[in-house]
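Peer 1: Pasting a structure here, questions to come.
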Amino acid sequence: MLERRLTRRSLLGIGLGSAAVVATGCSAADGTTAATSSTTSPAASAAAETTTAADPSTTPTWAPGSPARAIVRGSGSRPQVALTFHGTGPLAITRRVTDILADHGAHATVFAIGRWLASEPDAARIILDGGHELGNHTWSHPPLSTYGPDAMYEEIVRCRDEIHRLTGGPGAFFRQSDGQYATDEECVQAGRAGYARILNYDIDSTDWKGTSTGTIRAAVARATAGSVISLHLGRSSTVAALPLVLDDLARRGLTGVTGTELLR
């Protein structure tokens, strides 16, 4: 598993009412699922709608919470799927992706890498101005599950604070780097950083491998109502496949929404 994740990291090119949901309990290493509500803590609320930079000296200290709930998918009670993007790469591609989403009336959650936001602060504005939401995808996208507790916490907190600096909030969710499903320790440290929910995913588009448009479409074709789909910014293959993926979903009566909307 670790070998696959390390390969994935290198391919990514990163150096620097209420609805029931399917969740992986952080203590359930065997992958069992449990139902939970979509209730969130203030620290896990959606990012602010504006991108006015916050004064770093006033960055709040979020109270540590219980281990975050790791959610894999929604209940499927509505014809929606969550579109999620791992955020890094040229802003030109980010703009193109948000334009395509707008053309199709779709919205998404972008799990931003903190180092990317620090180097490309306009990314937050582009994402939020398009009606999308930001999530925390660690500061530098390391193989997070191999880190010790304090180093893991630091990766989460540095990204959280960068999102706050740019938007006034911590982001809607946390998602671990280099892994589809959060480990027990990642749940603990995300909760310690103030996040109530981790948004995993049940549909891997495989675009991080640089796969063809046809392969990406075939992977996303497995999505059903309630699915959480993983995609990536910064890849031309994703840009090429996205209009077709959205058309495919629409033909099946499925709408692409943010994670918050899916779980409301």
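The values are calculated or read from the model by the stated rules, or taken from the named source; none is laboratory data. None of these values were measured; they are calculated from a predicted model. Each accessible area value is taken on the protein alone, full model and side chains, heavy atoms only, with ligands, DNA and RNA left out. Shrake-Rupley method; radii C 1.70, N 1.55, O 1.52, S 1.80 Å.
Peer 1: Going by amide H atoms built from the backbone, whose H comes under 5 Å of the H on residue 80, apart from near neighbours?
Peer 2: Those qualifying (amide H under 5 Å, at least 5 residues apart or on another chain) are 226, 255.
Peer 1: Something else: Long-range amide H contacts for residue 206: which residues qualify at under 5 Å (H placed 1.01 Å from N, peptide plane, sequence gap of 5 or more or a different chain)?
Peer 2: Amide H neighbours of residue 206, under 5 Å, 5+ apart: none.
Peer 1: Probe radius 1.4 Å, ligands and nucleic acids left out: which of 264, 192, 78 has the largest accessible area, and how do the rest follow?
Peer 2: 264, 192, 78
Peer 1: Show me, for region 158-169, the HN-Hα J-couplings you get by feeding each phi into the Karplus relation (A = 6.51, B = -1.76, C = 1.60, θ = phi - 60°), rounded to Hz, glycine and proline as x.
Peer 2: Whole-Hz 3J(HN,Hα) from phi for region 158-169: 4, 5, 3, 5, 5, 4, 4, 4, 8, 10, x, x.
Peer 1: Work out how far the C-alpha atoms of region 93-197 reach from end to end along every principal axis, then list the three figures in whole Å, largest first.
Peer 2: Extents along the principal axes: 42, 26, 22 Å.
Peer 1: State the antiparallel share, in %, of DSSP beta bridges confined to region 70-219, rounding to the nearest 5.
Peer 2: So the antiparallel bridges amount to about 0 percent of the total.
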